Amino acid sequence: MKQYIFVFIVLFFQSILFAQENIFSTESFIIKLTGANLEAENLDRAVVFQKSFDNPTGEVIDLNNDNNVEFIINDYSVTNGRKYYNTYVYNTLDSFYLIDSIYSGLKKPYYTYSYELNQFILITGSPDFDSLNTPEIEEVFSPLTCWGFLGAEFGIVNDKLYDIFLYENEKYIDFIDSLYKLKKKNCSTSRLVRSVIAAIFINYLYADEKSMAEKSFNQYYECDDKEKFKASIKKLQ
């Protein structure tokens with residue numbers, strides 16, 4: 001038994017001492033992400049940037065299709081057992097520095113290529129809606145916020161996109177339909193999934209599908225305070 005404990009302790013400390021190192025290369029920099037620590041070196045191997053995060057992952061992406069790559073950190077911290085996400089974008093062209101950062105809240109951010117805009121877009125949640133998520137529902141629901149990289153900073157491009165909101169709503173509608181089959185479709189269940197209902201409603205508005213937004217809201221929200229709840233989530237936009 002002592003031997004097993006010794007082996008476990010050795011392996012535990014080895015995992016700390018030899019944290020996995022991820023190395024990314026650009027034309028001007030060698031970027032190292034070791035555990036929670038970010039370090040950028042120029043081509044002379046001089047360290048030009050250092051920063052610590054909580055739980056980072058990194059990637060190199062040409063965000064705005066200009067043949068110059070950016071370095072991306074997706075990071076999260078944990079509060080009361082829930083993950084809260086941030087995205088950081090770094091310049092790698094001539095000097096290494098933070099260009100912009102976006103707080104996504106409970107929804108994990110991701111990138112996708114938009115043929116409508118001919119560039120990658122960052123998809124985040126809408127943190128103002130985080131409070132609508134309940135502990136009883138493990139999955140996080142939030143209206144999408146779509147960000148395009150404009151060279152010096154991110155800008156919201158919701159009004160230039162369409163399909164991504166409809167695709168997201170298909171998943172949300174499947175979820176709420178399945179839940180209503182398992183539980184009674186009543187006010188109590190509606191309040192339990194108010195984050196889903198709000199996300200569907202706002203996503204349809206972002207897609208400029210106002211009639212679908214109203215129809216889905218009336219279909220899924222079963223409480224008497226419909227107009228009050230609708231007004232409250234519109235204020236969160």
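The values are calculated or read from the model by the stated rules, or taken from the named source; none is laboratory data. Quick caveat: nothing in here was measured; it's all calculated off a predicted structure. Here the Cβ is made from the backbone with ideal geometry for all residues, glycine too, and neighbour counts use every protein chain on show.
Checking the conditions here, which among SER188, SER232 is among the hydroxyl-bearing types (Ser, Thr, Tyr) and under 17 Å from ILE137 (Cβ atoms)? Even if it seems obvious, please write down each step before you answer.
Numbers: SER232 fails: under 17 Å from ILE137 (Cβ atoms).
On inspection, the qualifying residue turns out to be SER188.
Out of all the residues in the range 117-134, which are part of a loop (DSSP other than H, G, I, E, B) and closer than 14 Å to ASN64 by Cβ?
Looking only at the range 117-134, we keep the residues that are part of a loop (DSSP other than H, G, I, E, B), and these are 117-118, 125-126, 133-134.
Selection gives LEU117, ASN118.
Could you run through the range 35-75 and say how many residues are closer than 29 Å to LEU106 by Cβ, of a type in the set (Asp, Glu) and surrounded by fewer than 14 Cβ atoms within 10 Å (Cβ to Cβ)?
The total comes to 2.
Taking the range 50-78 as the search range and keeping residues that are polar (S, T, N, Q) and at pLDDT below 95, which one is nearest to GLU27 (Cα to Cα)? Write out each step before concluding.
Going through the range 50-78, the residues polar (S, T, N, Q) turn out to be 50, 52, 55, 57, 64-65, 67-68, 74, 77.
Subset that is at pLDDT below 95: 64-65, 67-68.
On the way: ASN64: 17, ASN65: 16, ASN67: 11, ASN68: 9 Å.
Ranking the candidates gives ASN68 first.
Pull up the range 84-101, narrow it to residues that are surrounded by 17 or more Cβ atoms within 10 Å (Cβ to Cβ) and not polar (S, T, N, Q), then point me to the one that is farthest from PHE120 (Cα to Cα). I'd like the intermediate steps shown before the answer.
Applying the first criterion (surrounded by 17 or more Cβ atoms within 10 Å (Cβ to Cβ)) to the range 84-101 yields 84-92, 96, 99-100.
When the remaining residues are screened for being not polar (S, T, N, Q), the result is 84-85, 88-90, 96, 99-100.
On the way: TYR84: 22, TYR85: 19, TYR88: 15, VAL89: 13, TYR90: 15, PHE96: 21, ILE99: 16, ASP100: 15 Å.
Only one residue fits best here, namely TYR84.
Out of the residues in the range 55-85 that are touching a Ser or Thr at 6+ places or on another chain (Cβ under 6 Å) and outside any loop (DSSP other than H, G, I, E, B), state the one that is farthest from LEU132 (Cα to Cα). Write out each step before concluding.
Quick first cut of the range 55-85, residues touching a Ser or Thr at 6+ places or on another chain (Cβ under 6 Å) only: 69, 71, 74, 84-85.
If we keep only those that are outside any loop (DSSP other than H, G, I, E, B) too, we end up with 71, 74, 84-85.
Details: PHE71: 32, ASN74: 24, TYR84: 15, TYR85: 17 Å.
Here the residue is PHE71.
Taking the range 165-182 as the region of interest, how many residues are loosely packed, with under 12 Cβ neighbours inside 10 Å and of a type in the set (A, V, I, L, M)?
Count: 1.
Going by the structure shown, is VAL196 of a type in the set (Val, Ile, Thr) and not assigned by TED's automatic domain parsing to the domain that holds TYR103? Before you say what the answer is, go through the steps one by one.
On the way: of a type in the set (Val, Ile, Thr): yes; not assigned by TED's automatic domain parsing to the domain that holds TYR103: yes.
Judged against the criteria, VAL196 is a match.
Kindly indicate the residue of the range 91-110 that is in a strand (DSSP E or B) and either of a type in the set (A, V, I, L, M, F, W, C) or in contact with a Leu (Cβ under 6 Å, 6 or more places away or on another chain) (or both) and also nearest to ASN67 (Cα to Cα) among those meeting that condition.
Looking at the filtered set, the residue picked out is ILE99.
Out of all the residues in the range 121-152, which are farther than 22 Å from GLN237 by Cβ and surrounded by 20 or more Cβ atoms within 10 Å (Cβ to Cβ)?
PHE149
Output the number of the condition that PHE154 fails; it satisfies all remaining conditions of (1) under 16 Å from the mean Cα position of the chain (by Cα); (2) of a type in the set (Phe, Trp, Tyr); (3) modelled with pLDDT of 95 or more.
Condition not satisfied by PHE154: (3).
Pick from the range 183-230 the residues that are assigned to a loop (DSSP other than H, G, I, E, B), without any contact (Cβ under 8 Å) to a residue 40 or more places away in the chain and in contact with a helix residue (DSSP H, G or I) (Cβ under 8 Å, 6 or more places away or on another chain): which of them is surrounded by the fewest Cβ atoms within 10 Å (Cβ to Cβ)? Talk me through it step by step, then tell me what you get.
Of all residues in the range 183-230, those assigned to a loop (DSSP other than H, G, I, E, B) come to 183-186, 193, 207-209, 221-225.
Filter once more, keeping what is without any contact (Cβ under 8 Å) to a residue 40 or more places away in the chain: 183-186, 221-225.
Now drop any that are not in contact with a helix residue (DSSP H, G or I) (Cβ under 8 Å, 6 or more places away or on another chain), which leaves 183, 221-224.
Numbers: LYS183: 12, TYR221: 21, GLU222: 17, CYS223: 14, ASP224: 9.
If we take residues in the range 183-230 being assigned to a loop (DSSP other than H, G, I, E, B), without any contact (Cβ under 8 Å) to a residue 40 or more places away in the chain and in contact with a helix residue (DSSP H, G or I) (Cβ under 8 Å, 6 or more places away or on another chain), then ASP224 is surrounded by the fewest Cβ atoms within 10 Å (Cβ to Cβ).
What about GLU138, is it of a type outside the set (A, V, I, L, M, F, W, C) and in contact (Cβ under 8 Å) with a residue 12 or more places away in the chain?
Working: of a type outside the set (A, V, I, L, M, F, W, C): yes; in contact (Cβ under 8 Å) with a residue 12 or more places away in the chain: no.
Against the criterion (of a type outside the set (A, V, I, L, M, F, W, C) and in contact (Cβ under 8 Å) with a residue 12 or more places away in the chain), GLU138 does not qualify.
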